[in-house]
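*Asks:* My questions will all concern the structure given below.
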Amino acid sequence: MSLPPARVPVRVREMALADCDRVSRIRVRGWQTAYRGLMPQPYLDAMDVTADAERRRALFARTSDDVVHLVAEDEGGEVVGWACVGPYRDGEVRTADAELYALYVDTGRSGAGVGQALLRESVRRCETAGHARMLLWVLKGNTRARRFYERAGFGPDGTEEPFVVEGVAVPEVRYARPLNG
């Protein structure tokens with residue numbers, strides 16, 4: 001199953017270190033919007049774009065060659081989305097499956113096809129790398145994200161685990177999709 005083309009022109013490219021500030025703004029605002037009511041509000045309110053950007057730069061500098069960071073740019077060259085894919089992590093072990101680690105879209109661009117463009121390119125990269133299956137984790141209560149992934153051919157595979165935020169268990173569901181690579 002493939003996703004329809006983006007409804008607004010976007011260009012997906014590999015992320016550069018200079019994109020970290022914008023990616024962090026998208027990521028933090030994405031958490032604060034999408035996870036409202038699903039995670040403790042004080043945790044979401046305390047998220048800081050500047051601190052996240054510092055962590056993002058450090059992580060980006062240490063990223064291994066098998067992890068791909070992608071950004072989507074609008075017609076004016078502004079970064080409006082971010083995705084990160086690589087080998088599936090089973091604890092500390094990396095497996096032959098691929099994993100979508102993250103996908104966030106600028107909250108003002110939600111529903112415009114930016115996420116679809118990022119997911120489409122993420123799937124393509126994982127297929128090209130020879131992965132037979134792509135996995136991702138999504139909050140059980142995040143129905144909007146779950147519908148998005150289901151439209152793209154992903155589905156729950158029966159695996160769940162709690163993600164603990166400030167002592168509160170926030171259940172996650174693992175989704176899977178076979179790849180054509």
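*Asks:* Over the chain, what per residue volume does the convex hull of the Cα atoms give, in whole Å³?
*Replies:* 118 Å³
*Asks:* Next question. In a GNM of the chain with a 10 Å cut-off on Cα contacts, which of Gly115, Gly167, Gly155 has the highest mean-square fluctuation?
*Replies:* Highest fluctuation among the options: Gly167.
*Asks:* Based only on Cα atoms, what mean projected area does the convex hull of region 16-118 have, in nm²?
*Replies:* Convex hull of Cα atoms, orientation-averaged projection: 7.5 nm².
*Asks:* So, one more: Using the Cβ atoms and a cut-off under 15 Å, what net charge is assigned to the surroundings of Arg146, where Lys and Arg are +1 and Asp and Glu are -1?
*Replies:* Charge balance near Arg146 sits at +2.
*Asks:* Okay, moving on. Can you compute the helix-only [θ] at 222 nm over the chain? Use -39500 (n - 2.57) per DSSP H run of at least 4 residues, normalise by all residues, nearest 500 deg cm²/dmol.
*Replies:* Helices in the chain give a 222 nm mean residue ellipticity of -10000 deg cm²/dmol.
*Asks:* Explain nothing, just compute: Karplus ³J(HN,Hα) = 6.51 cos²θ - 1.76 cosθ + 1.60, θ = phi - 60°, for every residue of region 42-57 in order, whole Hz, x for Gly and Pro.
*Replies:* So the Karplus estimates, Gly and Pro as x, are x, 5, 5, 5, 7, 4, 10, 4, 5, 5, 5, 5, 4, 5, 4, 4 Hz.
*Asks:* Across region 77-124, what fraction of all alpha-carbon pairs, as a whole percent, falls in each successive 10 Å bin from zero upward?
*Replies:* 26, 44, 22, 8
*Asks:* Same structure again: Could you please report the charge total around Asp48, scoring K, R as +1 and D, E as -1 over all other residues with beta-carbon less than 13 angstrom from its beta-carbon?
*Replies:* Taking every Cβ under 13 Å from that of Asp48, the sum is +1.
Laboratory data are not the source of any read-out in this text; all were calculated from the coordinates shown. Bear in mind that the values here come from a model prediction, so they are computed numbers and not experimental data. A quick note on method: Cβ atoms are made from the backbone with ideal geometry, for glycine too, and the neighbour counts reach across all protein chains shown.
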